[in-house]
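Only the coordinates and a few stated rules stand behind these numbers; no lab work does. All values reported here derive from a predicted model rather than from experimental measurement. Ideal geometry is used to build each Cβ from the backbone, glycine not excepted, and the neighbour counts take in all protein chains shown.
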Amino acid sequence: MPSPVIASEGHSSWQTLHEWFNEPHDYEWIKHQRSGRAIIPIFRTLLGLMTVIFGLSAFYKLIGPDTPPTTPGKALSVFMICMCVAIAACWFTQPFPGRRGLLAFGIFADLGIAAAVLLVPDRSSGTFGCIVFAVTGTFATLFVSARWLVAHVVWSTTVTTVVFVLAYFQGEVDITTLLARGTVLFGAVTLVPIFAHLTWRTLYRDAQYSALPFLECVNAFPELTGMDQ
């Protein structure tokens with residue numbers, strides 16, 4: 001039976017956060033995962049569908065009344081649609097990517113969403129569009145390190161704040177409605193990804209430690225038992 005993980009006395013929440021933030025992230029674990037469950041094709045399919053949804057959203061914006069008013073804005077929308085088609089094809093046909101591929105996809109998605117919500121002329125519509133950051137937050141929670149997750153959260157929260165400020169100055173939505181939307185988005189875009197990533201990575205580390213025999217755990221991780229004094 002696996003031995004329980006024993007936390008050292010005085011192991012504070014700040015130490016847990018420090019371990020989480022500085023933990024080396026294994027970007028290859030899914031690629032090299034060995035299981036009787038066909039989980040990798042499911043991941044690739046879901047991420048491909050997510051990319052298709054991004055492309056469809058950009059397409060509908062391009063042909064609808066909220067299309068960017070400038071030629072560069074329209075050109076950017078066309079570029080994003082083409083990129084989504086190409087990236088979706090990669091998800092459906094290529095092996096699961098490693099660190100560079102995962103980070104590149106996350107950066108592409110965050111930049112694309114930011115461009116979409118900042119270029120739309122109807123700022124009220126832009127505030128609704130910011131909820132898509134919750135989708136990329138789910139991707140970051142599962143597939144990137146804590147530092148990159150924090151970078152995503154800072155970026156998405158900043159862009160969302162800018163969109164809400166622009167919507168306020170546009171004057172078409174009252175302040176209480178904006179505050180209600182902003183409160184919901186703050187939870188979905190900012191708090192949930194950090195909470196989810198911190199939880200699953202902490203439990204993942206504890207599961208790794210608990211799988212070791214007790215004496216081996218003491219020798220490998222003396223800080224967990226207070227025997228490094």
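Observations on the structure shown:
- Once the chain from Ala75 to Asp122 is taken as fully extended at 0.36 nm per residue, the excess over their C-alpha distance is 15.1 nm.
- Over the range 81-125: Rg over Rh, Cα atoms, Kirkwood Rh: 1.10
- Pairwise FRET efficiency - Val150 versus Cys82, Cβ, R0 = 30 Å, nearest 0.05: 0.45
- Pair-distance profile P(r), taking every C-alpha pair of the range 35-106, with 10 angstrom steps and integer %: 19, 42, 25, 11, 2, 0
- Hydrodynamic radius (Kirkwood) for the range 125-178, which is based on Cα pairs only, to one decimal in Å: 12.1 Å
- Highest-first arrangement of 57-69, 96-108, where packing means the average Cβ count within 10 Å: 96-108, 57-69
- Tail beyond 20 Å, pair distance distribution of the range 72-166 (Cα, percent): 40 percent
- Positive minus negative residues near Thr67 (Lys, Arg vs Asp, Glu; Cβ under 9 Å): +1
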